[in-house]
1. Under the condition of being farther than 18 Å from L81 by Cβ and surrounded by fewer than 18 Cβ atoms within 10 Å (Cβ to Cβ), which residue from the range 148-158 is farthest from the chain's Cα centre (by Cα)?
2. N133 fails exactly one of the following numbered conditions: (1) in contact (Cβ under 8 Å) with a residue 40 or more places away in the chain; (2) open to solvent by less than 60 Å² (accessible area, probe 1.4 Å); (3) over 26 Å from N14 (Cβ atoms). What is the number of that condition?
3. In this structure, is D83 closer than 24 Å to G106 by Cβ, charged (D, E, K, R) and free of Cβ contacts under 8 Å to residues at least 60 places away in the same chain?
4. Exactly one of (1) surrounded by 15 or more Cβ atoms within 10 Å (Cβ to Cβ); (2) farther than 13 Å from A153 by Cβ; (3) not β-branched (V, I, T) is unmet by L78. Its number?
5. Only residues that are out of contact with any strand residue (DSSP E or B) (no Cβ under 8 Å at 6 or more places or on another chain) and either surrounded by 16 or more Cβ atoms within 10 Å (Cβ to Cβ) or at pLDDT 90 or above (or both): list them for the range 4-17, please.
6. Taking the condition of being part of a loop (DSSP other than H, G, I, E, B), touching a helix residue (DSSP H, G or I) at 6+ places or on another chain (Cβ under 7 Å) and basic (K, R), how many residues in the range 68-105 meet it?
7. I'd like the full set of residues that are open to solvent by 30 Å² or more (accessible area, probe 1.4 Å) and part of a loop (DSSP other than H, G, I, E, B), limited to the range 52-67.
Amino acid sequence: DDTLPPEATEHVVNDRWTWISANPAPYSGTRAHQSDDAAGQHCHFFVAERSPLVVNAGDTLFAYVYLDPVRPPRQLVLSWLADDHWEHRAYWGENLINEGIDGGPGRRAMGPLPPTGQWVRLEVPAHAVDLENRTATGMGFTLFDGRATWDRAGKVGR
């Protein structure tokens with residue numbers, strides 16, 4: 001919330017890390033990070049090997065997202081780095097980003113896009129993306145078209 005894990009490195013693909021405090025107001029804390037308003041696939045992600053997220057059996061992963069009501073994305077994807085690969089992805093909306101095998105833990109459909117213009121908590125059961133009993137060392141925020149703002153992300157246990 002409000003910052004990346006300690007010693008995390010930021011990375012981008014056709015996007016950038018933009019921290020905001022308004023438009024929209026953050027869901028939690030004082031800052032959120034916003035994707036660029038761009039066409040096609042674009043993402044920003046971090047790697048934090050010294051601050052891993054230990055995911056246990058029964059955990060649920062989450063992230064808060066606000067979809068731009070004027071330029072909503074057609075697809076959004078959350079991804080996690082574990083065991084030196086990114087084959088742990090969940091998506092909402094259309095199936096436009098061809099990463100991982102659709103229907104498997106590398107590209108798991110979670111349903112339609114959430115409503116625009118409001119904060120929504122996205123939830124992913126860890127088992128759905130093969131993250132139970134693994135250690136995640138990175139997280140990605142990917143869109144196809146449009147813009148979204150992202151806030152607090154993490155896990156909750158059973």
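The values are calculated or read from the model by the stated rules, or taken from the named source; none is laboratory data. Bear in mind that the values here come from a model prediction, so they are computed numbers and not experimental data. Glycine gets a Cβ as well: all are built from the backbone with ideal geometry, and neighbour counts include every protein chain shown. Heads up: the accessible areas ignore ligands, DNA and RNA and are worked out on the full protein's heavy atoms, side chains in. Shrake-Rupley method; radii C 1.70, N 1.55, O 1.52, S 1.80 Å.
1. R158
2. (2)
3. When the stated conditions are applied, D83 passes them.
4. Exception for L78: condition (2).
5. None; the set is empty.
6. Number of matching residues: 0.
7. Listed by number, the residues that qualify are P52, N56, A57.
To keep it simple, each residue is scored yes or no on (1) among the aromatic types (F, W, Y); (2) touching a helix residue (DSSP H, G or I) at 6+ places or on another chain (Cβ under 9 Å); (3) open to solvent by 80 Å² or more (accessible area, probe 1.4 Å).
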{"position": "D2", "(1), (2), (3)": "no, no, no"}
{"position": "W19", "(1), (2), (3)": "yes, no, no"}
{"position": "A25", "(1), (2), (3)": "no, no, no"}
{"position": "R31", "(1), (2), (3)": "no, no, yes"}
{"position": "D36", "(1), (2), (3)": "no, no, no"}
